[in-house]
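Working notes, structure below.
The values are calculated or read from the model by the stated rules, or taken from the named source; none is laboratory data. Only a predicted model underlies this, so the values are computations on that prediction, with no experimental measurement involved. Note: ideal-geometry Cβ built from the backbone for every residue, glycine included; neighbour counts use all protein chains shown.
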């Protein structure tokens with residue numbers, strides 16, 4: 001959900017103007033002035049100095065974005081945010097932080113100008129992550145770790161807050177064109193800013209058309225075959241175009257913002273994107289023909305009005321009213337139905353509309369006390385996709401949530417049949433959709449009772465139609481040791497609701513399960529030795545109850561309890577000629593306990609009990625004690641340096657090592673299947689092939705960009721990715737489950753991302 005809109009302040013910048021050390025306007029400040037200025041951070045409702053922020057925050061500036069050869073937001077975050085990485089999954093790329101990742105990006109929130117853009121019903125925070133065009137963004141702030149206390153349910157793994165460009169900051173028109181090979185990606189962007197006495201305007205539009213590349217894609221399928229799709233695996237098959245636009249529909253973006261009457265803002269944003277599934281899970285239709293047209297697409301439009309009011313010298317109010325509509329589909333085209341958009345071809349197809357009202361009142365109660373009070377109300381409507389009728393609505397894992405009295409879902413066991421059959425589990429009739437209401441209240445007290453010490457007490461409560469009240473408290477002790485050195489101890493709880501479709505399904509079946517909760521304890525040391533040089537060290541311990549989808553009864557349930565420890569160390573420098581940073585991250589699974597009667601489905605950790613042979617008469621097998629889908633260590637380095645007056649160089653490198661959990665899982669499966677009917681020669685050969693390809697070992701990425709200023713208003717850029725990748729850097733698939741009825745892994749997949757090269761020309765008129 002949402003935290004706050006742009007809030008008027010008594011002193012200092014507004015929330016929309018939150019800044020961090022090493023960026024303007026701090027660069028020219030003395031250290032004394034720098035350490036005394038109070039700003040809003042994305043992690044709090046009240047004002048603090050940058051060093052006092054009660055969370056680990058990474059700020060990515062517009063200059064960072066311009067100089068980074070990132071394909072999209074996922075790539076960009078991977079470059080600059082310590083420990084963050086993304087993986088592929090059937091519903092699209094998934095992003096993780098601090099060892100916390102999910103199959104549908106459910107565990108963090110993504111905001112644009114203070115408004116949550118997450119899809120509540122199915123796909124989480126996916127739409128913005130895959131957009132190649134980042135030219136409308138002024139700044140990105142990434143909170144690593146829980147943020148539910150200010151942002152609401154879902155901010156369990158972190159927060160991504162995007163601030164778009166401020167109207168009138170750079171009056172004029174800017175255009176850019178670009179091309180990236182081997183993805184055959186062409187881009188065109190256009191931005192315009194103007195300013196008058198009564199208003200300021202920013203408008204941005206872009207189109208990106210990407211054909212994709214037939215990259216080397218390795219997978220082990222449900223028949224225990226394994227190899228590179230389209231080469232040595234299922235001869236005659238074709239690999240899908242990696243990074244290609246699904247259905248040949250290009251990415252589109254339109255963003256318009258108007259500031260008027262000094263304290264009013266209105267903005268509207270439209271995005272359109274789609275992608276093929278990460279790999280072609282080779283299937284055949286009922287006629288034996290290959291099926292390889294499968295992917296997801298989304299369209300989203302958001303509009304918001306924000307108003308800030310300074311009531312008195314000690315009191316200010318911020319309010320926002322917004323509307324959002326989100327259209328989503330996941331489709332696998334079938335040869336038996338020539339209409340590619342037939343309901344039979346949809347696995348998931350729906351739209352959700354949301355009206356949201358939000359307000360924050362800030363009070364300077366005393367010289368030593370700030371208080372923020374807020375409330376939020378949201379109404380969500382879930383129904384057919386844009387332009388569809390109710391019979392075409394599909395929700396759920398395999399179409400099991402359906403609509404219409406005479407409408408039946410495809411049976412999961414007969415997905416390749418031309419006949420519609422009743423599903424194997426109970427179908428849920430949703431008619432033409434359903435509604436939910438969510439009410440939220442939150443408070444924060446910032447108390448400076450003793451010199452050098454601050455106590456931050458925060459709390460939030462959220463209640464939905466199908467979810468009882470969720471509580472997210474936080475207590476943070478902030479101790480300024482000496483000038484420029486701050487120690488923080490932060491204890492908090494973050495909560496995550498089920499997706500709306502799962503809450504509806506659970507309620508229909510009278511299943512009332514616990515929400516997913518994460519308890520976090522973090523000790524953080526921050527140092528600022530000069531306006532340009534800083535250091536941060538975080539030690540954290542997380543305990544969480546994990547909920548996951550259970551196909552047997554179409555529900556999400558508590559499947560286990562998790563404990564992990566982690567460390568992040570980072571140093572950063574910003575000077576006259578550029579900036580640089582380095583970070584080291586470490587995450588270690590401490591304990592994972594599976595709930596009784598629950599198998600592996602939806603659990604993203606390798607220490608699960610895999611039931612060999614299905615639900616009846618099978619053998620429970622433990623498979624290690626390390627995090628799956630996550631490297632135990634990561635090292636990142638980046639730098640932007642002005643080599644000459646007109647020439648700037650960017651480099652970044654990432655090293656991920658020790659994906660022990662994935663290896664544990666594969667080894668455990670091999671041992672468990674030894675001597676069984678599932679231990680086919682093909683399966684053993686596939687496992688051996690994984691080892692030969694050095695999968696799940698160290699992975700190093702190196703990117704570079706050269707920016708040449710052709711004129712004061714124009715620049716020409718040349719860039720490359722995976723420059724030291726050899727055959728390609730491995731991008732792994734998120735292994736959500738092996739499913740309790742399958743004896744072999746079905747999502748051992750990775751794509752070898754090849755080297756890519758690009759050119760971009762930017763001109764300001």
Check your understanding: What tally of residues in segment 691-723 results from selecting those that are in a loop (DSSP other than H, G, I, E, B) and at pLDDT below 85?
Key -> 6
Exercise for review: Assess whether residue 169 counts as being part of a strand (DSSP E or B), modelled with pLDDT under 95, more than 30 Å from residue 695 (Cβ to Cβ) and over 27 Å from the mean Cα position of the chain (by Cα).
Suggested key: no
Exercise for review: Among the residues of segment 148-166, write down those that are in a loop (DSSP other than H, G, I, E, B) and crowded, with 24+ Cβ neighbours inside 10 Å.
Suggested key: 152, 153, 154, 155, 156, 157
Point to revise | Per-region count, segment 116-147, residues in a strand (DSSP E or B), closer than 25 Å to residue 465 by Cα and either at pLDDT 90 or above or touching a strand residue (DSSP E or B) at 6+ places or on another chain (Cβ under 7 Å) (or both) | key: 2
**Study point:** Sole exception among (1) touching a helix residue (DSSP H, G or I) at 6+ places or on another chain (Cβ under 9 Å); (2) modelled with pLDDT under 60 for residue 683, by number
**Key:** (2)
Study note, to complete from the structure: Sole miss for residue 490 among (1) closer than 23 Å to residue 116 by Cα; (2) under 26 Å from the mean Cα position of the chain (by Cα) is condition (1)
Check your understanding: For segment 172-215, which residues satisfy the criterion of being under 30 Å from residue 94 (Cα atoms), out of contact with any strand residue (DSSP E or B) (no Cβ under 6 Å at 6 or more places or on another chain) and part of a strand (DSSP E or B)?
Key -> none
Check your understanding: Can residue 458 be described as under 30 Å from residue 591 (Cβ atoms), within 23 Å of the chain's Cα centre (by Cα) and assigned to a strand (DSSP E or B)?
Key -> no
Check your understanding: If we only count strands (runs of 3 or more DSSP E) wholly inside segment 70-115, which ones have 3 or more residues that are within 21 Å of residue 723 (Cα to Cα)?
Key -> 85-87
**Study point:** Positions within segment 474-517 being over 24 Å from residue 461 (Cβ atoms), out of contact with any helix residue (DSSP H, G or I) (no Cβ under 9 Å at 6 or more places or on another chain) and surrounded by fewer than 24 Cβ atoms within 10 Å (Cβ to Cβ), in sequence order
**Key:** 479, 481, 482, 487, 508, 509, 510
Check your understanding: So is residue 584 touching a strand residue (DSSP E or B) at 6+ places or on another chain (Cβ under 8 Å), at pLDDT below 50 and in a strand (DSSP E or B) or not?
Key -> no
Check your understanding: If only one of 58, 46 is within 30 Å of residue 361 (Cα to Cα) and within 18 Å of the chain's Cα centre (by Cα), which one is it?
Key -> 58
Check your understanding: When you look at residue 301, is it surrounded by fewer than 22 Cβ atoms within 10 Å (Cβ to Cβ), modelled with pLDDT of 95 or more and either at positive phi or not in a loop (DSSP other than H, G, I, E, B) (or both), yes or no?
Key -> yes
